[in-house]
Every structure is written in C-alpha cells, then in structure tokens.
Amino acid sequence: MGAMKLHGKLVLRGLCVCGWTLVGLTLAGCSSPSEERLFSDMPHPPAATGLPGPSHSAADVARFHVGDTIIVSLSGLPVEIPPHQEPIKEDGTITLPDIGKVRAAGKTAGELQNDIHDLYVPGFYTHLTVTVNIGERVYYVSGEVKVPGGQLYRGETTVTKAIASTGDFTDFANKHKVWLIRVNGQRIKVDVPKVLAGKAPDPPVYPGDQITVPRRIW
C-alpha cells in the first residue's frame, strides 16, 4: 500500500508540472505579440498628419507682399491678350479684366495662378493657361542719404540696413526723424540713434515702402 501511495503522489506531481508548463507556454504565446510591439527594433511608421515635411516648409516658399509688382499672362486663347502688370494694392489685391479684384498678397505664384484660372474658367473661357510672374521688388530711400533712389529688395531688411545700402547718411541728415512710409500710407517715425543703441525697434522694410531722411535745421 505504501508503494502505491508513493506512485500516486509522483503521478499527481507530474501532472501538475505538465499543467503549469502548458499554462506558461499559453501565456507566453499570448503576450509575445505585445512584447514585439513594445520592444521591436523596427520603428513605427509616422502618423499621417497632413502637414508639410521639413523640405516643404511654408517658410521656404516665396509669397507675395503688398507693393510687389505682379505680371499675369493669359495664353491659349483665340485672341492674344497682352500681359497685365500691376503692383499689389494696400488691400492685398490686384484687379484683372472681367473678374475684378483678386487676392494676391500672402499667396505663392502657383496659388495665384490657380485662383485666376478658376475665376476665368469656365465662366469666361473654356481653355486657358495662366502664368504669374513677379517684377523687380524695390523700396525707395530719399532725402539726406549719399545715394538716394530705388533699392532692390533682396530679402528681409530694416530701416537702418536700407539706409546703409545707400552709403549711409549725409552730414546734414536728421537721424532722429527718419520716416518710413508704407504702401498703405502708414507713417512710422524712426529715431536711428536710439535704434542703434538698442533703445527702439528697427522696423522692417517691404517692397514698395519709402524711407525719407529729412535735412536737419542746424
């Protein structure tokens, strides 16, 4: 009887060990996919955000400003139409034949081309190719500077940099009362010595702006 009891205990212990082994294998099989997801060496694909990548940043795209001269050419028509050239007005628009005002400021050439095309087709024409170009971007510096006149706008600039591009002030310039006149007529008085001392802001200059340096009284 003692031998039979001992044999029964060994059989029961063996069954328990096998059972726990099967349970462990089952749990391991269930958990392995999640472990692969948590600790996989393969990175997850990025979520689709719809935002432009670094190489297509909006900051890298040239956009039109008030004062820019826009040249619009219409081709593919039965009768040739001469190009339309016009600076962007202070309200941000240009005015085209038949369709009237079109918002231009803040847009790229491609965006403006598409907008103009959709305004003409199919309302006025069946087929049309629109080409938008920009004329020279210029701002003007007049008064008591060494080389007054139009200056090419080559990118972001400020009042003090614009004056420096003319060869600097003459000996008779009133440096404390320089006027920046926007295309929309806004007038901004700039005290250049204060700007250079870091005590006043240096306003940005845009295409079409005018900088006037008056003559000092004494």
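If the requirement is being farther than 10 Å from Thr160 by Cα and out of contact with any strand residue (DSSP E or B) (no Cβ under 8 Å at 6 or more places or on another chain), which of these qualifies: Lys194, Lys189?
Lys194
Can you report the number of residues in segment 152-169 which are surrounded by 15 or more Cβ atoms within 10 Å (Cβ to Cβ) and either hydroxyl-bearing (Ser, Thr, Tyr) or under 25 Å from the mean Cα position of the chain (by Cα) (or both)?
8
Please go through segment 71-127 and pick out each residue that is at positive phi and of a type in the set (Phe, Trp, Tyr).
The answer is none; no residue qualifies.
Would you please name the residue that is surrounded by the fewest Cβ atoms within 10 Å (Cβ to Cβ), looking only at residues in segment 119-132 that are part of a strand (DSSP E or B) and of a type in the set (Ser, Thr, Tyr)?
Checking each candidate, the answer is Thr129.
Kindly indicate which of Val147, Val102 is assigned by TED's automatic domain parsing to the domain that holds Asp209 and closer than 24 Å to Tyr206 by Cα.
Just a single option satisfies the conditions, and that option is Val147.
Is there any pair with a first residue in segment 131-158 that is touching a residue at least 24 places away in the same chain (Cβ under 8 Å) and a second that is surrounded by fewer than 16 Cβ atoms within 10 Å (Cβ to Cβ) and among the aromatic types (Phe, Trp, Tyr) whose Cβ atoms are under 7 Å apart and which are 6 or more apart or on different chains, and what are they?
Final answer for the pair search is Glu144/Phe172.
Pairs please, first residue from segment 104-115 and of a type in the set (A, V, I, L, M, F, W, C), second anywhere and crowded, with 17+ Cβ neighbours inside 10 Å and part of a helix (DSSP H, G or I), Cβ atoms under 8 Å, 6+ apart in sequence or on different chains.
Ala104/Leu112
When you scan segment 133-146, do you find a residue that is touching a Ser or Thr at 6+ places or on another chain (Cβ under 9 Å), in a loop (DSSP other than H, G, I, E, B) and at pLDDT 95 or above, even just one?
Yes: segment 133-146 contains one or more residues that are touching a Ser or Thr at 6+ places or on another chain (Cβ under 9 Å), in a loop (DSSP other than H, G, I, E, B) and at pLDDT 95 or above.
Taking segment 196-209, which residues are under 27 Å from Ala105 (Cβ atoms) and either exposed (fewer than 14 other Cβ atoms within 10 Å of the Cβ) or aliphatic (A, V, I, L, M) (or both)?
Pro201, Pro204, Val205
Please go through segment 170-196 and pick out each residue that is of a type in the set (Val, Ile, Thr) and within 33 Å of the chain's Cα centre (by Cα).
Val178, Ile181, Val183, Ile188, Val190, Val192, Val195
Restricting to segment 170-195, count the residues that are of a type in the set (Asp, Glu) and surrounded by 14 or more Cβ atoms within 10 Å (Cβ to Cβ).
So the answer is 1.
The values are calculated or read from the model by the stated rules, or taken from the named source; none is laboratory data. Computed from a predicted model, the values in this text were never measured in an experiment. For neighbour counting, all protein chains shown are included, and Cβ atoms are generated from backbone atoms with ideal geometry for every residue, glycine included.
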